[in-house]
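Taking it in order: structure first as structure tokens, then the write-up.
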Amino acid sequence: MEDFGRCEEELSRIGKVLPQVSDYHIGLIFHNVSAILCLKRELNYSKALYHLNEAVDCAGEAGDSLALCPLLCNMVSIYYEREDAAGMPLAIRAYRIAKAENDTNNMFYGAVMAAQMGIVAGDYRIAEAYADSASRYVPSRENSSQEALLQLLHGEIYYETGDYAKADSAYSRFASRLDSQEPGLRLEYMYKQGCLELAWGNPERARRLFEDGLALSYSIDNIEDRHHFLSGLSDFYSSVGDDRTALSYYKEYHHLLDSLSLLTKERDFHNLLMNYQKMGYEEKVHRQEMENERVRSKYVIIFSAFILVSSLSAGLWFLYRRRNRMYRQLVEQHQRFLHRAEISACETAVGPGTEDNEKSRSLFMEAEKIMSRDKIYRQNDLSLEKLADILQSNRSYVSSAINQYSGMSFTQWLNSWRIKEAIARLSDPADTAPLKAISDEVGFNTIAVFYKAFQKETGCPPAKYRKEMRNIGHISY
């Protein structure tokens, strides 16, 4: 599946004869493989979803409920890549269909997808529950690709909850059979283990993993994870003082993202144009009653093209203005939310509770105090274990207190402090520091993680937030 050039050639051949093929299995496989190729080769989510929906239609027309499970799981994988928890109902549906059919293979993948959606949603208890369910459906614990996927899944859950030792143990089990794993899983491991090494303060090990991952992504022509490795290498070289190499990787990282964005815009425009051309052709067929239509059609096409271009230009301008207004509204709404949150925090008093609750509350308040006073969230290697040592407690008590009184996992709570300072700095017109410098100084290991966390919190990218705060003309911090 990683030989994309050959795969595209085969799909092209099949696509030419697909309308004449009556066997729904051919159409189902064609669209499913096309969707996977769109993700790994182009990162084209909309095109991938189109193919998956076509495949679902093939399965639905044939009444093949079992074929729906892998298709639904592939749909969920798109939501997972986009860090969108809205894919959870699809994952649960796939899992339930597989259970009804007593299909252990699809039960495994449905449970894995549901666990991944739990991670995206920040609900790690749900993630662990589904991961445990998936482990019951692994056919063989030895040399199993499913077992390898399960190790990566557990490693991610442990990493997100701040249990770096268990995360490292899970990743190490995967690495013990690294050469036998399929390339996509090896790339996933290299990036996640690299992030763990950075969090643990082992930049050299992270560098080797990122370099190996980058080389592998080029060798198999897979751009799905390439930008992660470029960003990670930029952060590594910046941390060791090699600014020239750091800048080189950083430029390559942004060039890749910009090229993907440009390809998407061109592709969407092309699809829109083809739709208009199809509509124009169908209209033309109905007008061929008059004999001079052949001559007139030239002028109709020219005029239609002019109207089309004008409409598209106006539409694109409208979308651009609408997006900017949306960002402005998001920033203003977020500022009002922060203001209300501050007022609520000042006015809310916690009533008396049980002795255990009081201890837990005191522990959480002490953690908040240390974050606010000492700003230890700026340490990019701060872990749950380190915080527990500072508080002279253990990781279980600290994790429970944070979950109970903040409603967040340790990682989410830690990042919320980092984002809070980043927002304050981006809202200050006197602070002109580059985004990467702000990302480093508030404690993020990579600018890519900073971008994701910031956009998840505020709804818009940090650069846009800074610009809109300048336009709004007031500061709330």
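The values are calculated or read from the model by the stated rules, or taken from the named source; none is laboratory data. Just so you know, these numbers come straight off a predicted model, no measurement behind them. Because the Cβ atoms are built from the backbone with ideal geometry, glycine has one as well, and the counts that use them run over all protein chains shown.
If SER310 meets every condition in (1) closer than 18 Å to TYR164 by Cα; (2) modelled with pLDDT under 90; (3) of a type in the set (S, T, N, Q) apart from one, which number is that one?
(1)
Which ones in the range 206-258 are small (Gly, Ala, Ser) and either at negative phi or in contact (Cβ under 8 Å) with a residue 12 or more places away in the chain (or both)? Talk me through it step by step, then tell me what you get.
First, pick out the residues of the range 206-258 that are small (Gly, Ala, Ser): 206, 213, 215, 217, 219, 231-232, 234, 238-239, 241, 246, 248.
Correct list: ALA206, GLY213, ALA215, SER217, SER219, SER231, GLY232, SER234, SER238, SER239, ALA246, SER248.
Anything in the range 425-442 that is within 14 Å of SER238 (Cα to Cα) and among the small types (Gly, Ala, Ser)? List them, or say none.
Correct list: ALA437, SER439.
Considering only the range 168-188, how many residues are more than 29 Å from ARG378 (Cβ to Cβ) and either of a type in the set (Ser, Thr, Tyr) or free of Cβ contacts under 8 Å to residues at least 24 places away in the same chain (or both)?
The number of residues fulfilling the criteria is 7.
Residue check, MET408 against (1) under 28 Å from the mean Cα position of the chain (by Cα); (2) assigned to a helix (DSSP H, G or I), all met but one. Which one?
Of (1) under 28 Å from the mean Cα position of the chain (by Cα); (2) assigned to a helix (DSSP H, G or I), only one is false for MET408: (2).
Filter the range 411-445 down to the residues that are among the hydroxyl-bearing types (Ser, Thr, Tyr), assigned to a helix (DSSP H, G or I) and in contact (Cβ under 8 Å) with a residue 40 or more places away in the chain and list them by number.
Here is the first cut: in the range 411-445, the residues among the hydroxyl-bearing types (Ser, Thr, Tyr) are 411, 416, 427, 432, 439.
With the extra rule that they be assigned to a helix (DSSP H, G or I), the set shrinks to 411, 416, 439.
Scanning the range 411-445 gives THR411, SER416.
Would you be able to say whether some residue in the range 371-380 is in a helix (DSSP H, G or I), within 29 Å of the chain's Cα centre (by Cα) and more than 22 Å from GLU197 (Cα to Cα)?
If we filter the range 371-380 for residues that are in a helix (DSSP H, G or I), which is where we start, we get 371-374, 376-378.
From the residues that got through so far, the ones that are within 29 Å of the chain's Cα centre (by Cα) too are 371, 376-378.
Imposing the further condition that a residue be more than 22 Å from GLU197 (Cα to Cα) reduces the set to 371.
Checked the range 371-380: at least one residue is in a helix (DSSP H, G or I), within 29 Å of the chain's Cα centre (by Cα) and more than 22 Å from GLU197 (Cα to Cα).
Suppose we keep only residues that are in a helix (DSSP H, G or I) and at pLDDT below 90 within the range 79-89. Which one would you say is surrounded by the fewest Cβ atoms within 10 Å (Cβ to Cβ)?
Taking the range 79-89 as the starting set, the residues that turn out to be in a helix (DSSP H, G or I) are 79-81, 85-89.
Filter once more, so that each one left must be at pLDDT below 90: 79-81, 85-87.
Values: TYR79: 21, TYR80: 19, GLU81: 17, ALA85: 18, ALA86: 12, GLY87: 24.
Looking at the filtered set, the residue picked out is ALA86.
Are any residues in the range 162-207 small (Gly, Ala, Ser) and in contact with a Leu (Cβ under 8 Å, 6 or more places away or on another chain), and if so, which ones? So that I can check it myself, show each step before the final result.
Within the range 162-207, the subset small (Gly, Ala, Ser) is 162, 165, 167, 169-170, 172, 175-176, 180, 184, 194, 199, 201, 206.
Listed by number, the residues that qualify are GLY162, ALA167, ALA170, GLY194, ALA206.
Only one of ILE92, ILE119 is buried (at least 22 other Cβ atoms within 10 Å of the Cβ), closer than 30 Å to GLY162 by Cα and of a type in the set (A, V, I, L, M, F, W, C); which?
Values: ILE92 fails: buried (at least 22 other Cβ atoms within 10 Å of the Cβ).
Every option except ILE119 fails the conditions.
So in the range 118-147, with the set limited to residues that are at pLDDT below 90 and among the aliphatic types (A, V, I, L, M), which one is nearest to MET408 (Cα to Cα)?
ALA121
Which one of these is farther than 24 Å from ILE92 by Cβ and surrounded by fewer than 20 Cβ atoms within 10 Å (Cβ to Cβ): SER133, SER180, SER145?
SER180
Condition first: surrounded by 15 or more Cβ atoms within 10 Å (Cβ to Cβ) and among the small types (Gly, Ala, Ser). Now tell me which residues in the range 216-255 satisfy that.
Correct list: SER217, SER231, GLY232, SER234, SER238, SER239, ALA246, SER248.
Filter the range 456-475 down to the residues that are surrounded by fewer than 16 Cβ atoms within 10 Å (Cβ to Cβ) and either on the phi < 0 side of the Ramachandran plot or touching a Ser or Thr at 6+ places or on another chain (Cβ under 9 Å) (or both), then identify the one that is modelled with the lowest pLDDT. Break it down into steps so the answer makes sense when it comes.
Filtering the range 456-475 down to residues surrounded by fewer than 16 Cβ atoms within 10 Å (Cβ to Cβ) leaves 456, 461, 463, 470-475.
Pick out the ones that are also either on the phi < 0 side of the Ramachandran plot or touching a Ser or Thr at 6+ places or on another chain (Cβ under 9 Å) (or both) and you get 456, 461, 463, 470-472, 474-475.
On the way: LYS456: 78, PRO461: 79, ALA463: 81, ARG470: 73, ASN471: 72, ILE472: 65, HIS474: 47, ILE475: 42.
Among them, the one singled out is ILE475.
If you check every pair at least six apart or on different chains, which have Cβ atoms under 6 Å apart with a residue in the range 104-118 that is within 14 Å of LEU71 (Cα to Cα) first and a residue that is surrounded by fewer than 24 Cβ atoms within 10 Å (Cβ to Cβ) and of a type in the set (Lys, Arg) second?
Short answer, once both residue conditions are applied: MET107/LYS99.
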